[in-house]
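Have a look at the structure below, then the notes.
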Amino acid sequence: MDLTRLMKQQVGITAAQRVQTGMVVGLGTGSTAAFAIAELGRRQREEGLQIIGVPTSFSAAVQAKQEGLPVRTIDQVDQVDLAIDGADEVDPQRNLIKGGGAAHTLEKIVDGRADSFLVVVDQSKLVQQLGAFPLPVEVLPAAVYGVMTALTKLGGTPQIRLGVKKDGPVITDHGNFVVDVQFEAIPDPAALEMTLNNIPGVLENGLFVGLVNEVLVGRVVGDQVEVYTLS
């Protein structure tokens with residue numbers, strides 16, 4: 001296993017060790033969150049851990065079921081005790097860009113409902129200011145070109161995300177398009193998040209502001225991997 005993959009695995013395992021029997025757990029989407037789901041499955045089989053998982057995407061739901069974890073949708077639970085999810089960028093204020101996996105709408109719903117939101121990343125995701133990673137915006141198909149015009153007026157360079165090994169755009173779990181918007185920088189994530197979500201046709205964007213309680217980071221030191229909490 002290469003060191004980058006090992007970093008993700010160790011961070012995911014560390015996060016999953018925070019989970020206690022009886023919890024309702026938000027199950028994030030992406031490669032690092034997948035290691036957390038796998039560890040929760042192992043703990044259920046070998047340690048008798050009993051939880052309810054709330055997946056943030058079809059892919060997370062499929063993996064959770066393969067691991068034997070009981071799952072519910074967000075509207076089937078009264079609360080989420082802990083959400084574990086990855087990120088594409090994390091700034092020093094623990095604001096995030098998410099949506100590289102096109103699951104940010106449900107991720108924001110689940111992570112925002114959680115009593116505690118634990119982010120799991122490797123060190124490459126840490127930035128001084130958000131914006132190097134194109135910002136994902138989920139858009140109703142009928143509104144996509146009007147939304148792209150509005151995004152351009154805001155100083156962004158929007159592009160419809162195209163599928164891999166398929167013709168045409170990526171379709172989200174909710175049947176919408178993803179527009180990736182490149183900004184030169186995002187100095188005020190809270191203001192931009194609100195502005196974007198006020199554009200008619202935008203369902204949600206990938207800025208997560210003021211939601212994170214803790215960030216676990218994996219890094220390589222020499223030939224070893226260690227996990228630390230972002231201060």
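Computed values, structure above
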| quantity | calculated |
| --- | --- |
| Out of A87, A33, A16, sole residue that is aliphatic (A, V, I, L, M), out of contact with any strand residue (DSSP E or B) (no Cβ under 6 Å at 6 or more places or on another chain) and within 26 Å of V221 (Cα to Cα) | A16 |
| Hits in region 181-211 (condition: open to solvent by less than 30 Å² (accessible area, probe 1.4 Å), in a strand (DSSP E or B) and farther than 30 Å from D115 by Cβ) | V181 |
| Number of the condition not met by G12 [criteria: (1) more than 16 Å from V110 (Cα to Cα); (2) free of Cβ contacts under 8 Å to residues at least 60 places away in the same chain] | (2) |
| Per-region count, region 52-78, residues surrounded by 14 or more Cβ atoms within 10 Å (Cβ to Cβ) and in contact with an Asp or Glu (Cβ under 7 Å, 6 or more places away or on another chain) | 2 |
| Within region 122-180, tally of residues that are under 22 Å from the mean Cα position of the chain (by Cα) and of a type in the set (F, W, Y) | 2 |
| Selection from region 21-51 of residues that are in contact with a Leu (Cβ under 8 Å, 6 or more places away or on another chain) and either open to solvent by 50 Å² or more (accessible area, probe 1.4 Å) or of a type in the set (F, W, Y) (or both) | T21 |
| Filtered residue count, region 126-157, keeping only those that are outside any strand (DSSP E or B) and open to solvent by 70 Å² or more (accessible area, probe 1.4 Å) | 10 |
| Which numbered condition D173 fails, given (1) in contact with a strand residue (DSSP E or B) (Cβ under 7 Å, 6 or more places away or on another chain); (2) of a type outside the set (S, T, Y); (3) surrounded by 13 or more Cβ atoms within 10 Å (Cβ to Cβ) | (1) |
| Residues (of a type in the set (A, V, I, L, M, F, W, C) and open to solvent by 50 Å² or more (accessible area, probe 1.4 Å)) located in region 105-125 | I109 |
| Test: residue in region 151-158 that is in contact with an Asp or Glu (Cβ under 9 Å, 6 or more places away or on another chain) and charged (D, E, K, R) | no |
| Residue in region 158-172 that is farthest from Q182 (Cα to Cα), counting only those that are in contact with a helix residue (DSSP H, G or I) (Cβ under 8 Å, 6 or more places away or on another chain) and not in a loop (DSSP other than H, G, I, E, B) | I160 |
| Scope region 8-20; condition open to solvent by 20 Å² or more (accessible area, probe 1.4 Å) and under 18 Å from the mean Cα position of the chain (by Cα); matching residues | K8, Q9, Q10, I13, T14 |
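The values are calculated or read from the model by the stated rules, or taken from the named source; none is laboratory data. Please read these numbers as outputs of a predicted model, since none were measured by experiment. Cβ sites come from the backbone with ideal geometry, for glycine too, and all protein chains shown count toward neighbours. Surface areas here come from the heavy atoms of the whole protein model, side chains and all, with no ligands, DNA or RNA. Shrake-Rupley method; radii C 1.70, N 1.55, O 1.52, S 1.80 Å.
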